[in-house]
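Novice: My questions will all concern the structure given below.
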Amino acid sequence: MVVIRLARHGRKNFPFYKIVVSDNRFSVKKRFIERIGFFNPFSLIKEKKFNINMQRFQHWVNKGAKPSDRTKDLIVKFNSIDTV
């Protein structure tokens, strides 16, 4: 099954997350199909805190990919989309 989820990067105590499309059988950090955005919880500028390519997100959702709960919450919070 294909999922859209966060992959943690960054250094200790300062996480940086990439939003990736991957197969749920593979490791979060090692193997993914496509990187479609990022989330930086420590950024003070809202535009640099969260970024996602919504066209690619919709493309993968239409093909059957399931976004994780946290990814859904971030999209609703930052992009003002009611339902994902």
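The values are calculated or read from the model by the stated rules, or taken from the named source; none is laboratory data. What you see is a predicted model; the values in this text were computed from it and never measured. With ideal geometry, Cβ positions are generated from the backbone for all residues, glycine too; neighbour counts draw on all protein chains shown.
Novice: TYR17 versus (1) surrounded by fewer than 15 Cβ atoms within 10 Å (Cβ to Cβ); (2) out of contact with any Ser or Thr (no Cβ under 9 Å at 6 or more places or on another chain): which is the lone unmet condition?
Specialist: Of (1) surrounded by fewer than 15 Cβ atoms within 10 Å (Cβ to Cβ); (2) out of contact with any Ser or Thr (no Cβ under 9 Å at 6 or more places or on another chain), only one is false for TYR17: (1).
Novice: Suppose we filter LYS63, LYS30, LYS46, LYS77 for residues that are loosely packed, with under 13 Cβ neighbours inside 10 Å and at pLDDT 90 or above; which single one remains?
Specialist: LYS63
Novice: Restricting to segment 8-36, name every residue that is under 13 Å from PRO67 (Cα atoms) and not polar (S, T, N, Q).
Specialist: Of everything in segment 8-36, those that are under 13 Å from PRO67 (Cα atoms) and not polar (S, T, N, Q) turn out to be ILE19, VAL20, VAL21, ASP23, ILE36.
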